[in-house]
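Colleague: One structure coming up, written as structure tokens, with questions to follow.
The values are calculated or read from the model by the stated rules, or taken from the named source; none is laboratory data. Since this is a predicted model, take the numbers as computed values, not measurements. Note that each Cβ is placed from the backbone with ideal geometry, even for glycine, and that neighbours are counted across all protein chains shown. Just the protein is used for accessible areas: all its heavy atoms, side chains included, with ligands, DNA and RNA removed. Shrake-Rupley method; radii C 1.70, N 1.55, O 1.52, S 1.80 Å.
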Amino acid sequence: MTHVCLTFDFDALAIWVSTFKQTTASPLSRGEFGAQVGLPRVLELLRRKSIRATFFVPAHTAVSFPERVQKILEDGHEIGSHGYCHESPVTLVDGEEVRLLTASIEKMQKVLGSAFRPVGYRSPAWDLSSQSIAILQEQGYLYDSSLMGGDFEPYRPRRGDRIDEHGFELGAESSLVELPVSWELDDYPYFHFSSRPLNQGLRSTDEVRALWQAEFDYCHQHVRNGVFTLTNHPEIIGRGPRIAMLEELIDHLGSKPGVTFSTCSDAAQTWREAHPESRQ
Ligand SMILES: [Zn+2]
């Protein structure tokens, strides 16, 4: 069995405001493209393929485009946490990380209803503070999807690792499930063009489809019960030729025996049931 988790980080304007700190009209309009053009194309493709996917959404995006975000849930997809305004948790100190995580849920509940409670977290920076895993565990999260300690096999992220020039000491495993990400399986480095920070991007869809297919084929052939987690962004993958390439990729993946498209929470839950905690 291979789980395929299609994930979409719906950053919209938040990444431009927070991460890139570019709030003039043109960069903001790139975020707007993600909400107004890219997301509907992604949802239409998923609907046509009867695939449930996972969207990581900053609270900033939810309140900026409430109908778009409501539609994600209405279509049966999972929504996970992705920051208050796409901030990196790495530099947050003294309770600010907990405060922003809590505030982001409260803000999302205003759009998605008071019953909305995400079980998954993806750091907007694909990096965590020394407290992040403990905070997510305390807040009852099932999984994180921000680290790169594996490729196709989930694992339990640790708290309290110690690293210095003398060596590396592993901390205790948490009860969370880590669904690892990778730059290889992300549309951003391949396609996104940016002069600040410099990212050439703009690679051809043929090239990227071949790379992603090769990654998947290895997972499918060599990793038992592997989880293939692919990260896309509506503002990037939503351009015509790229969404067409994603459809071709989905058809390739779906043509293989034993492949299930699932949300991250379903994949994490399945993995957790097969791997009871050895220690806390
Ligand atoms: Zn993001």
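Colleague: Working only within the stretch 166-182, note down all residues that are small (G, A, S) and under 15 Å from R272 (Cβ atoms). Give the steps one after another, and end with the answer.
Modeller: Going through the stretch 166-182, the residues small (G, A, S) turn out to be 167, 171-172, 174-175, 182.
Within the stretch 166-182, S174, S175 meet the criteria.
Colleague: Please pick out the residue among A115, A125, A103 that is within 16 Å of the ligand (Cβ to nearest atom) and out of contact with any strand residue (DSSP E or B) (no Cβ under 8 Å at 6 or more places or on another chain). Quick ask: steps written out before the conclusion?
Modeller: Values: A115 fails: within 16 Å of the ligand (Cβ to nearest atom); A103 fails: within 16 Å of the ligand (Cβ to nearest atom).
One residue alone meets the criteria, A125.
Colleague: Right, next: Kindly establish whether G149 is within 16 Å of the chain's Cα centre (by Cα), surrounded by fewer than 13 Cβ atoms within 10 Å (Cβ to Cβ) and away from the ligand (no atom under 16 Å from the Cβ).
Modeller: Values: within 16 Å of the chain's Cα centre (by Cα): yes; surrounded by fewer than 13 Cβ atoms within 10 Å (Cβ to Cβ): yes; away from the ligand (no atom under 16 Å from the Cβ): yes.
The answer is yes for G149.
Colleague: Something else: Could you say which residue among R30, R41 is in a helix (DSSP H, G or I), within 16 Å of the ligand (Cβ to nearest atom) and open to solvent by 10 Å² or more (accessible area, probe 1.4 Å)? Reasoning before the result, please.
Modeller: Working: R41 fails: within 16 Å of the ligand (Cβ to nearest atom).
After applying the criteria, what remains is R30.
Colleague: Any residue in the stretch 59-68 that is within 11 Å of the ligand (Cβ to nearest atom), at pLDDT 95 or above and open to solvent by 30 Å² or more (accessible area, probe 1.4 Å)? Spell out the reasoning first.
Modeller: Step one: filter the stretch 59-68 for residues within 11 Å of the ligand (Cβ to nearest atom), giving 60-61.
Subset that is at pLDDT 95 or above: 60-61.
Add one more test, that the residue is open to solvent by 30 Å² or more (accessible area, probe 1.4 Å), and what stays is 60.
Yes - at least one qualifying residue is present in the stretch 59-68.
Colleague: Starting from residues that are within 17 Å of the chain's Cα centre (by Cα) and open to solvent by less than 10 Å² (accessible area, probe 1.4 Å), keep the ones in the stretch 12-27 and report whichever is nearest to T231 (Cα to Cα).
Modeller: Taking the stretch 12-27 first, the residues within 17 Å of the chain's Cα centre (by Cα) are 12-15, 19.
Adding the requirement that they be open to solvent by less than 10 Å² (accessible area, probe 1.4 Å) leaves 12, 14.
On the way: A12: 15, A14: 17 Å.
Result: A12.
Colleague: Let me ask another. Checking the structure you have, find out if any residue of the stretch 81-97 is outside any loop (DSSP other than H, G, I, E, B), among the β-branched types (V, I, T) and either away from the ligand (no atom under 13 Å from the Cβ) or within 22 Å of I135 (Cβ to Cβ) (or both). Talk me through it step by step, then tell me what you get.
Modeller: Keep residues of the stretch 81-97 that are outside any loop (DSSP other than H, G, I, E, B), which gives 81, 96-97.
Going one step further and asking which of them are among the β-branched types (V, I, T), we end up with none.
Checked against the condition, which is being outside any loop (DSSP other than H, G, I, E, B), among the β-branched types (V, I, T) and either away from the ligand (no atom under 13 Å from the Cβ) or within 22 Å of I135 (Cβ to Cβ) (or both), the stretch 81-97 yields no hits at all.
Colleague: Just give me the residues in the stretch 169-222 being farther than 26 Å from T2 by Cβ and open to solvent by less than 20 Å² (accessible area, probe 1.4 Å), in sequence order. Walk me through how you get there before you give the answer.
Modeller: Keep residues of the stretch 169-222 that are farther than 26 Å from T2 by Cβ, which gives 169-172, 192-202, 204.
Listed by number, the residues that qualify are G171, H192, S194, G201.
Colleague: Let me ask something else. Considering (1) within 16 Å of the ligand (Cβ to nearest atom); (2) open to solvent by 60 Å² or more (accessible area, probe 1.4 Å), say which one R47 fails and leave the rest.
Modeller: (1)
Colleague: With the requirement that a residue be modelled with pLDDT of 90 or more and of a type in the set (D, E, K, R), what does the stretch 183-198 give you?
Modeller: E184, D186, D187
Colleague: When you look at L73, is it at negative phi, open to solvent by 30 Å² or more (accessible area, probe 1.4 Å) and at pLDDT 95 or above, yes or no? Write out each step before concluding.
Modeller: On the way: at negative phi: yes; open to solvent by 30 Å² or more (accessible area, probe 1.4 Å): yes; at pLDDT 95 or above: yes.
Considered against the rule, which asks whether it is at negative phi, open to solvent by 30 Å² or more (accessible area, probe 1.4 Å) and at pLDDT 95 or above, L73 comes out as yes.
Colleague: Another question, if that's okay. What are the residue pairs meeting all of these: first residue in the stretch 144-165, first residue over 14 Å from S130 (Cα atoms), second residue surrounded by fewer than 19 Cβ atoms within 10 Å (Cβ to Cβ), Cβ atoms under 6 Å, and 6 or more apart or on different chains?
Modeller: Taking only residues 6 or more apart or on different chains, the pairs are M148/S182; F152/V223; R156/E173.
Colleague: Within the stretch 110-146, which residues are outside any loop (DSSP other than H, G, I, E, B) and open to solvent by less than 50 Å² (accessible area, probe 1.4 Å)?
Modeller: The answer is V111, L112, G120, Y121, S132, I133, A134, I135, L136, Q137, Y143, D144.
Colleague: Among the residues of the stretch 266-280, how many are modelled with pLDDT of 95 or more and either of a type in the set (V, I, T) or surrounded by fewer than 10 Cβ atoms within 10 Å (Cβ to Cβ) (or both)?
Modeller: 3
Colleague: Return yes when V4 is over 25 Å from P257 (Cα atoms) and among the β-branched types (V, I, T) and no when it is not.
Modeller: Details: over 25 Å from P257 (Cα atoms): no; among the β-branched types (V, I, T): yes.
The answer is no for V4.
One line per residue, one yes/no per condition, for (1) among the polar types (S, T, N, Q); (2) without any contact (Cβ under 8 Å) to a residue 60 or more places away in the chain:
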site	(1), (2)
T229	yes, no
P234	no, no
L249	no, yes
G258	no, no
S265	yes, no
T270	yes, no
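Colleague: When the stretch 44-61 is examined, which residues are found to be more than 14 Å from T7 (Cα to Cα) and assigned to a helix (DSSP H, G or I)?
Modeller: Scanning the stretch 44-61 gives E44, R47, R48, K49, A59, H60, T61.
Colleague: Of (1) over 21 Å from E153 (Cα atoms); (2) surrounded by 14 or more Cβ atoms within 10 Å (Cβ to Cβ); (3) touching a Ser or Thr at 6+ places or on another chain (Cβ under 7 Å), T263 satisfies all except one. Which?
Modeller: Here T263 meets the rest and fails (1).
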